[in-house]
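Reviewing the structure listed below.
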Amino acid sequence: MNKKTALTILIVLVIIIILFIGFFLFFQKQSTQQNPVVSAARNFFGGFFPSSQENESSQVNTNNEVPGEINNIIPRLRQISSFPVAGGVMFERKATSSSFLVQEETNKEINSTTTQVIYRFLERSTGHVYETTSRDLSQKRITNTTLPKIYKAFFSLDGNVVVMNYLNNGSIETFLGKINYPVVSTSTIIKETENFANITGNFLPLESFSFTKSKFSDDFIFSNTSYNIQNQDLTNLYLGNLKTPTENKNIFNLNTSEWKIQYLKDGTLALNTKASVVSEGFLYFLNPKDGILKKKLGNTLGLTSLVSPDGKKIFYSYYDSGSTKTVVYDSETKNYTSLDLATIVGDKCVWSQTDNVTVYCALPLNLVRGDFPDSWYQGKYAFNDSFVKINTKDFTIEILMSANTETTINLDAIDLQLSPSEDYLMFINKADLILWSLDIL
């Protein structure tokens, strides 16, 4: 036998052996008791033809996540609620959770002993109170007291007292309730447990309009309408405190209804008539202690205003021949400074509570010529906002977030609030009343 014939026979034998082993493995693949020869063959050929099971088990987790755990990323702009809210509050609490969280921008682990911001908010349809934190993406319901169809809610600074406005047979009812946590029977200490808290409280004795709570204390102001001897509307202003809700004092009477009221740091009230392009607006300061009313701005169409906490600066917007203009008035220098931006100041801005200089605003991209703010109030027009930081001393403007850069959802922000350390800006989207938060540091 020559070499060529021998080589041909050897190649044929190798091919036969390979086909035999492959055929054998195909029918023995699911065998529960593996033959050592089969196992050896699989080990040899497995490097070339891995089974699907072996291939799946050999995949590498490129996300560095521990199986069974979630690597929570806190986005800079985050949706806080999954349902329409009537209002919310932010307060701070020492963190006790040891869960691992990462900030999106810095990629740093959040220390479990740091202070966290608590977002507490009320569901419009049920009156249930929920909360989440700056370190947690979940929502936790904390109360089981059902009060349906809440229109507006206000919380105390610590989040433990809530005021709810709602309609009842055509009348506005205002309920002031305290959140009562379950008491552990074996201890004299009140503890927050997994059980729901309940809300108990009292109704305001009068039908209330223009309810406003101070940002600096638990004081509040509200008004109701009566009639004088000439059968004209008379707005009665009442002052109260959330800790003693039934003790309300009538401090002033006005001949005009529908006021937007703002508390200043010293307790002074800034009263702005309801803005409209068809009527002249006015801004007054009222000192509840002496009952003196002082006019600050007036005879201005579409006037909405925001006063600095110390009362020395007034940031306002107004209607001018189809356009919306914004101005900063300094009462010390008597200077009026127009800004090259357009927004509805009284509804889409919030003043810093620490420096009397900084204002944070939602700035609509599409505030075109028109009858604003009326068309916006009536729901005929919706905005898409960017967020800016305005320095009213040197009049510089810093863009915090441009519209649609962090989300594809159009945000029409109202009810802006700052966290106690002013590192988060919370707001409600007017389009669907969903609660959002923006990291502004």
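Quick rundown of the values:
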{"read-out": "Likely footprinting exposure, 376, 436, fewest C-beta neighbours within 10 Å first", "value": "436, 376"}
{"read-out": "Cubic angstrom per residue, convex hull over Cα atoms of the range 127-167", "value": "85 Å³"}
{"read-out": "Burial ordering of 349, 361, fewest other beta-carbon atoms within 10 Å first", "value": "349, 361"}
{"read-out": "Relative contact order (%) - the range 320-384, alpha-carbon pairs under 8 angstrom, separation at least six", "value": "29 percent"}
{"read-out": "Mean-position separation - Cα centroids, the range 126-162 and the range 334-361, in angstrom", "value": "29 Å"}
{"read-out": "Highest-first arrangement of 406-416, 328-338, where packing means the average Cβ count within 10 Å", "value": "406-416, 328-338"}
{"read-out": "Length-normalised contact order for the range 227-353 - Cα pairs under 8 Å, 6+ apart - percent", "value": "15 percent"}
{"read-out": "Ranking of 264, 167 by count of other Cβ atoms within 10 Å, fewest first", "value": "167, 264"}
{"read-out": "Gap separating the Cα centres of the range 232-293 and the range 385-441, nearest whole Å", "value": "28 Å"}
{"read-out": "FRET efficiency estimate (nearest 0.05) - Cβ-Cβ, residue 195 to residue 395, R0 56 angstrom", "value": "0.60"}
{"read-out": "As computed over the range 271-403, the Cα convex hull volume per residue (Å³)", "value": "114 Å³"}
{"read-out": "Around residue 273: net Lys/Arg minus Asp/Glu count, Cβ-Cβ under 11 Å", "value": "0"}
{"read-out": "Cβ crowding within 10 Å averaged over residues, with 234-240, 285-291, 363-369 ranked highest first", "value": "234-240, 363-369, 285-291"}
{"read-out": "Set 149/289; 295/389; 289/313 screened for pairs whose C-alpha atoms are more than 24 Å apart", "value": "149/289; 295/389"}
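Read the figures in this text as sums done on the coordinates, not as results from a lab. Quick caveat: nothing in here was measured; it's all calculated off a predicted structure. When we count neighbours, we look across all protein chains shown, and the Cβ atoms used for this are built from the backbone with ideal geometry, even at glycine.
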